[in-house]
Structure formats: C-alpha cells, structure tokens
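One structure is given below, encoded as structure tokens.
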Amino acid sequence: MNRDFENQTVIVTGGSRGIGRAVVECFAQRGARVFFTYHQNADAAAQVSTGCGAEAIACPQTDGAAIEATVEQVVKTTGRLDVLVNNAGITSDNFLMLMPHEDWQRVLDTNLNGACRWCKAASRPMLSARRGSIINIASISGLVGVMGQTNYAASKGALLAFTRALAAELGGRNIRVNAVVPGFIETDMSARVPRQIKQRNIERILPKRFGQPAEVASVVAFLASDAASYIFGQTIIVDGGLTATAG
C-alpha cells in the first residue's frame, strides 16, 4: 500500500460505518493520522479504531461549538490539518405532503449545515498553512429525482453548489474543495432500499452491481492526494454509469 499520506492529518465525519469507515481505513492504510467522528454508535466506532488505529471522537453534526473544539484539539495534537472529508449524513424519507417539517429541518441541518460548520472550522488552520483539501460526500439524489427524498436531495444538491462556491473562495490559498457523488453503494443505508427499487436500478448500472465503499474511498483519497493538485471545485460521480445512462 502506498504511504503517500505519511505525517498528514485527516478528519473524516461519520466514519464508523459504510463509506465513512472505508475512507477512514483507506487513509490510515496510506499512512495518515486519522480522526473520525461518530454520533451514537460507540461500538462500531471502537471496532474501526481497533482495526486501523484511527481515533474516534463523539461529535454531533448540529453542534457548532463541539465541531470547532474538535478541530482545535486535532490541530493542537498534531500541529496540522491536511484533509477534511465531510461524509456524515442521515436520511428521513417520506413523500413531501406527508413529511413532518422537523424531518425536513433535521436532514438539512445534519447534511448541509453540518458540512458548512466543519468547513468553516477546518478552513481556519488550512488558511494559515496555505494548503489543504476538503472533500464533500454528496449523493446521486442531489443530481436526479428520487421519490420520497426531497429533503435528502435538497441537502445533497445544495452541498454540490456549496462545494463550487467554497472552492472559489479558498482556491487562491491552495485549498482544494471538491465533491464525490456515490451512487448505489453496499452500505447499511442502501440495505433499507426496497428490493424492487434496487432491481430496477441494478438493471441501469453498467456493471450490474452496487458499488463497494472501498471504491468510493479510493476516489476520495485520490482527490486528497498530490495527484489531484490541479483539481478545484469539481464533482466526481462514482455510480457505475447510472447517471450516464439515465433518460
């Protein structure tokens, strides 16, 4: 395994399972000192820490003060912050006419506002160092219409626009902000998708299978690496060709 992130510090939000866990493990295997957040599943977080040596931190997406304190502590501990991966997110699916406003607010506050809080906190040490990489994990729900996901789609679509605008703000200081858009990936979240919807989409995916979390993690690591030093404000879609064949 290439150790190209040796001596670098990485924060991954929502790193206890699924894509987040794969991202944590990928950076750890490539030599980074990795800190990851979790909200409730302490047992899963402990398993990740034991498995790859990454450091788990309980930090909710909706607590701006806790996020700022977490970033400050990481920088105080390691002296730097090289990469932030905004992965944490939730769903609360329902048709809009049946959706409680609280569910709309909760998804937007976690997925979009949470990412904004982390970017604001992480940009301070990155601006001082005049370097850094931020990768926001969005979703194909932010690109194509998915029934029952107006709140989730709004949060992820807005995250893509946020990524482009933040890249314009920070790019002059050599801080690269990009987004990764996973399609259907084998995670706990996708396991809740009804079987008929899974089958309908697998027929449109070119390799005829759902992706693996590690396949997304490798793209995230590429965007954070020196190999992507000229990539700013871009959206990389990792969906097995699903959106390419839509329509």
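The values are calculated or read from the model by the stated rules, or taken from the named source; none is laboratory data. Predicted model only: the values in this text are computed from it and were never measured. FYI the Cβ positions are ideal-geometry reconstructions off the backbone, even for glycines, and counts take in every protein chain you see. Ligands, DNA and RNA are stripped out before the accessible areas are found, and what is left, the full protein with its side chains, is counted by its heavy atoms. Shrake-Rupley method; radii C 1.70, N 1.55, O 1.52, S 1.80 Å.
Residue-level analysis places Arg209 outside the set of residues that are part of a helix (DSSP H, G or I) and more than 20 Å from the chain's Cα centre (by Cα).
Within the range 121-146, the set of residues being in contact with a Ser or Thr (Cβ under 7 Å, 6 or more places away or on another chain) and either surrounded by fewer than 18 Cβ atoms within 10 Å (Cβ to Cβ) or closer than 21 Å to Leu98 by Cα (or both) comprises just one member, Val144.
Is at least one residue of the range 215-223 in a loop (DSSP other than H, G, I, E, B) and either more than 30 Å from Gly172 (Cα to Cα) or open to solvent by less than 30 Å² (accessible area, probe 1.4 Å) (or both)?
The first filter runs over the range 215-223 and keeps only residues in a loop (DSSP other than H, G, I, E, B), leaving none.
For the range 215-223, residues in a loop (DSSP other than H, G, I, E, B) and either more than 30 Å from Gly172 (Cα to Cα) or open to solvent by less than 30 Å² (accessible area, probe 1.4 Å) (or both): absent.
Please verify whether Val107 is more than 24 Å from Met126 (Cβ to Cβ), open to solvent by less than 40 Å² (accessible area, probe 1.4 Å) and either modelled with pLDDT under 95 or not in a strand (DSSP E or B) (or both), treating the condition exactly as stated. Walk me through how you get there before you give the answer.
Working: more than 24 Å from Met126 (Cβ to Cβ): yes; open to solvent by less than 40 Å² (accessible area, probe 1.4 Å): yes; either modelled with pLDDT under 95 or not in a strand (DSSP E or B) (or both): yes.
Answer is yes for this residue.
The helices (runs of 4 or more DSSP H) falling completely within the range 1-94 that include 3 or more residues that are open to solvent by 10 Å² or more (accessible area, probe 1.4 Å) and under 20 Å from Arg106 (Cα atoms) map to 64-78. Within the range 185-208, is even one residue of a type outside the set (Phe, Trp, Tyr), over 20 Å from Ile236 (Cβ atoms) and either crowded, with 21+ Cβ neighbours inside 10 Å or touching an Asp or Glu at 6+ places or on another chain (Cβ under 9 Å) (or both)? Looking for residues that are of a type outside the set (Phe, Trp, Tyr), over 20 Å from Ile236 (Cβ atoms) and either crowded, with 21+ Cβ neighbours inside 10 Å or touching an Asp or Glu at 6+ places or on another chain (Cβ under 9 Å) (or both), one finds at least one in the range 185-208, hence yes. Residues of the range 147-159 that are surrounded by 17 or more Cβ atoms within 10 Å (Cβ to Cβ) and not small (Gly, Ala, Ser): Gln149, Thr150, Asn151, Tyr152, Lys156, Leu159. Pairs meeting the criteria (first residue in the range 14-36 and free of Cβ contacts under 8 Å to residues at least 60 places away in the same chain, second residue polar (S, T, N, Q) and assigned to a loop (DSSP other than H, G, I, E, B), beta carbons under 8 Å, at least 6 apart or on different chains) are Ser16/Asn41; Gly31/Asn7; Gly31/Gln8; Ala32/Gln8; Arg33/Asn7; Arg33/Gln8; Phe36/Thr13; Phe36/Ser16. Ile57 falls short on exactly one of the conditions (1) in contact (Cβ under 8 Å) with a residue 40 or more places away in the chain; (2) in contact with a strand residue (DSSP E or B) (Cβ under 8 Å, 6 or more places away or on another chain), and that condition is (1).
Given the options Ala154, Ala129, name the one that is within 17 Å of the chain's Cα centre (by Cα), among the hydrophobic types (A, V, I, L, M, F, W, C) and modelled with pLDDT of 95 or more. Before the answer, list the steps.
On the way: Ala129 fails: within 17 Å of the chain's Cα centre (by Cα).
None of the other options fit; the residue is Ala154.
Anything in the range 161-182 that is part of a helix (DSSP H, G or I) and crowded, with 17+ Cβ neighbours inside 10 Å? List them, or say none. Even if it seems obvious, please write down each step before you answer.
The first filter runs over the range 161-182 and keeps only residues part of a helix (DSSP H, G or I), leaving 161-173.
Answer for the range 161-182, where residues must be part of a helix (DSSP H, G or I) and crowded, with 17+ Cβ neighbours inside 10 Å: Phe162, Thr163, Leu166, Ala167, Leu170.
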